[in-house]
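K.L.:
Once you've had a glance at the structure underneath, I'll fire off some questions.
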Amino acid sequence: MRKTILILSAAAVLLAMPEVRADDYETLHTAPIQNPMLWADVPDPDVIRVGDTYYMVTTTMHLMPGAPVMASKDLKNWQTVGYIFDRLTDSPKYDLLGGTVYGRGQWATSLKYHNGRFYALLAPNERGAMGDTYIFTAEKAEGPWRVLSRMRHFHDCSLFFDDDSRVYVIYGTGELMELKPDLSDVIEGTHQQIFQREADEKGLLEGSRMIKHNGKYYLLMISHTYAPGRHRREVCYRADDIHGPYEKQVILESEFGGFSYEAQGTIVDSPDGDWYGIIFQDRGGVGRVLTVMPCRWINGWPMLGDENGRVPDTVRPLVSGQPESGIVCADDFSSQKLGLHWQWNHNPVDAAWSLTERPGFLRLKTSRVVSSLYLAPNTLTQRMEGPTCSGSIVMDVSKMKDGDRAGLAAFNSDTGALVVKKQGKKLVLEMTEMTVELSDRDKLVTKTEEKVIESISLTIPEQSSPTRSLSHHLPLTSIIHLRIDADFRPTEHGGKDAANFYYSLDGTTWTQIGTKDYKMRFDWRRFFMGTKFGIFCYATKKVGGYVDIDAFNYSRR
């Protein structure tokens with residue numbers, strides 16, 4: 001199966017600093033970065049540069065493996081190069097047993113490079129021991145990573161190595177503690193409140209990212225006072241000594257692209273001494289997307305945006321010769337190892353999936369009788385991307401058992417799904433709207449609802465001749481093609497956030513089914529993530545069935 005990936009075209013006019021003349025454009029051999037830099041769910045970024053390569057970590061919460069590490073040489077073309085951990089094991093809830101960790105798990109990882117090693121600090125958004133902070137280390141960003149230590153919980157924290165080899169963690173709202181030189185734990189008695197909230201900082205004030213530049217300390221944070229006329233913004237606290245006193249400056253207060261005001265992220269320099277800000281923006285159903293912008297040092301402050309302090313439409317990328325790449329990828333499952341672009345919903349059951357039992361296919365087996373998709377193990381996910389994208393699977397359903405459900409979903413706390421159901425000896429295809437309610441504290445599934453919008457019986461005709469489909473020769477009597485098209489283009493009131501659902505028996509003629517323009521939603525109280533493509537297979541009566549996925553096809557426009 002040939003992969004299909006269409007890369008978003010960029011505008012020919014460069015609207016942002018650093019400036020480039022039109023007659024220089026040919027020399028650059030690359031199109032500008034079109035904001036959003038990553039029009040996908042990539043929240044809470046931390047970005048560092050090591051040599052000529054940028055490395056970034058982001059939040060993926062309940063998805064496994066977790067804490068993805070992405071790399072780029074030009075701030076335009078990113079790819080996932082590794083994960084900091086394969087799974088979390090502090091509770092069976094990570095396995096969807098006795099509860100869930102939807103919207104919890106890994107949050108806001110801090111990434112650093114110090115004395116030839118990479119370090120990552122993260123604190124799961126949990127209570128008790130499940131929320132204890134991890135510090136990981138590795139020689140290469142790609143891994144393997146190992147746990148260096150565990151310690152008390154630090155919310156939205158920033159690891160910081162100072163020039164004198166002392167190490168700190170800055171967290172919460174202006175709190176600081178020093179760590180032991182070996183990073184094994186905190187040094188008791190070092191807790192300090194390094195600044196106090198001002199009268200206009202009564203709302204959200206978190207997302208710490210600490211850097212040092214020209215001898216001064218800079219702490220970047222998101223600020224949001226929930227009041228009429230007040231907007232989300234990025235603020236910076238600056239001091240000559242890490243312990244203070246600190247002064248404050250608003251460094252970005254800008255909406256962008258018809259969506260909300262931006263904040264939370266970091267700044268990073270280039271090998272040539274230019275600086276960039278990488279900041280996220282809430283964009284509804286697709287999630288929290290990343291934008292890149294110039295960072296200009298003005299009176300000792302890292303001011304973000306163009307010359308008017310606005311998030312620009314385009315930014316000149318670094319000239320690197322890096323080929324086009326993306327973090328969402330098509331897959332023909334010809335490798336014996338699952339691609340880094342995939343993540344499981346919660347920890348997978350390893351015995352219930354395979355890339356080798358039928359070479360060239362992903363086999364998803366039922367392993368547990370469950371009541372809904374939200375409790376089903378081994379749902380495999382990838383992000384959706386704007387402005388529009390399309391994902392489809394080719395699925396062999398011949399080994400499903402009575403009560404099995406398999407298919408493709410626009411997966412979130414509100415889900416639109418194409419579901420193939422085995423009912424006795426019959427197969428039915430349904431377009432279903434699903435929703436889940438979770439307890440606020442423990443994320444227990446308290447209620448699920450499924451509304452079948454359209455249902456059809458599947459009668460896949462026998463073929464008198466040995467007709468074959470695709471590269472892996474699936475008999476036409478056993479396959480179905482399922483497709484979801486997603487549209488995240490802005491409208492007058494935010495994003496369209498529309499999903500449409502299609503099926504085909506031959507991969508050529510597609511029929512729309514179910515809800516037209518199903519509304520995808522972002523709900524921070526439940527999943528707290530953008531909508532994902534989800535490939536699933538689970539049992540409602542007995543285990544032992546399975547489906548084989550021949551390919552995941554993907555395009556973006």
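The values are calculated or read from the model by the stated rules, or taken from the named source; none is laboratory data. Here the structure is a predicted model, which is why all the values come from computation and not from measurement. All Cβ positions, even for glycine, are placed from backbone atoms using ideal geometry, and neighbour counts span all protein chains on display. Side chains are part of the model used for accessible areas, which takes the heavy atoms of the whole protein and leaves out ligands, DNA and RNA. Shrake-Rupley method; radii C 1.70, N 1.55, O 1.52, S 1.80 Å.
K.L.:
Suppose the filter is of a type in the set (Val, Ile, Thr), modelled with pLDDT of 95 or more, more than 17 Å from residue 104 (Cβ to Cβ) and surrounded by fewer than 17 Cβ atoms within 10 Å (Cβ to Cβ); does residue 147 pass it?
P.N.:
So residue 147 fits the description; yes.
K.L.:
Can you pull out every residue in the stretch 349-362 that is touching a residue at least 24 places away in the same chain (Cβ under 8 Å) and open to solvent by 30 Å² or more (accessible area, probe 1.4 Å)?
P.N.:
Those that are touching a residue at least 24 places away in the same chain (Cβ under 8 Å) and open to solvent by 30 Å² or more (accessible area, probe 1.4 Å): 349, 353, 358, 359.
K.L.:
In the stretch 226-251, what residues are surrounded by 15 or more Cβ atoms within 10 Å (Cβ to Cβ) and among the acidic types (Asp, Glu)?
P.N.:
234
K.L.:
Identify the residue in the stretch 185-223 that is part of a loop (DSSP other than H, G, I, E, B) and among the charged types (D, E, K, R) and, among all such residues, is least open to solvent (accessible area, probe 1.4 Å).
P.N.:
Checking each candidate, the answer is 201.
K.L.:
Here is a further query. Taking the stretch 124-139 on its own, how many of its residues are surrounded by fewer than 17 Cβ atoms within 10 Å (Cβ to Cβ) and in a loop (DSSP other than H, G, I, E, B)?
P.N.:
3
K.L.:
May I pose another question? Residues that are out of contact with any Ser or Thr (no Cβ under 8 Å at 6 or more places or on another chain): which strands (runs of 3 or more DSSP E) entirely in the stretch 474-557 hold 3 or more of them?
P.N.:
Answer list for the stretch 474-557: 546-556.
K.L.:
Out of the residues in the stretch 425-436 meeting the condition of being out of contact with any Leu (no Cβ under 9 Å at 6 or more places or on another chain) and surrounded by 14 or more Cβ atoms within 10 Å (Cβ to Cβ), tell me which one is nearest to residue 521 (Cα to Cα).
P.N.:
Within the stretch 425-436, the match that is nearest to residue 521 (Cα to Cα) is 435.
K.L.:
Take the residues in the stretch 533-557 that are closer than 19 Å to residue 374 by Cα and among the β-branched types (Val, Ile, Thr), then tell me which one is surrounded by the most Cβ atoms within 10 Å (Cβ to Cβ).
P.N.:
547
K.L.:
Let me ask something additional. For the stretch 252-266, name all the residues that are surrounded by fewer than 24 Cβ atoms within 10 Å (Cβ to Cβ) and assigned to a strand (DSSP E or B).
P.N.:
Passing the criteria: 255, 256, 259, 260, 261.
K.L.:
Tell me, which residue of the stretch 303-325 that is under 24 Å from residue 219 (Cβ atoms) and touching a Phe, Trp or Tyr at 6+ places or on another chain (Cβ under 8 Å) is most open to solvent (accessible area, probe 1.4 Å)?
P.N.:
310
K.L.:
Under the condition of being open to solvent by less than 40 Å² (accessible area, probe 1.4 Å), assigned to a loop (DSSP other than H, G, I, E, B) and hydrophobic (A, V, I, L, M, F, W, C), which residue from the stretch 330-348 is farthest from residue 86 (Cα to Cα)?
P.N.:
The selected residue is 330.
K.L.:
Hey, among 318, 304, 290, which residue is in contact (Cβ under 8 Å) with a residue 60 or more places away in the chain and closer than 27 Å to residue 382 by Cα?
P.N.:
Of the residues listed, the single one that is in contact (Cβ under 8 Å) with a residue 60 or more places away in the chain and closer than 27 Å to residue 382 by Cα is 290.
K.L.:
Considering only the stretch 106-122, state which residues are surrounded by fewer than 24 Cβ atoms within 10 Å (Cβ to Cβ) and either among the β-branched types (Val, Ile, Thr) or touching a His at 6+ places or on another chain (Cβ under 7 Å) (or both).
P.N.:
Answer for the stretch 106-122, where residues must be surrounded by fewer than 24 Cβ atoms within 10 Å (Cβ to Cβ) and either among the β-branched types (Val, Ile, Thr) or touching a His at 6+ places or on another chain (Cβ under 7 Å) (or both): there is none.
K.L.:
Can you pull out the residues in the stretch 224-250 that are assigned to a loop (DSSP other than H, G, I, E, B) and either of a type in the set (Lys, Arg) or in contact with a helix residue (DSSP H, G or I) (Cβ under 9 Å, 6 or more places away or on another chain) (or both)?
P.N.:
230, 232
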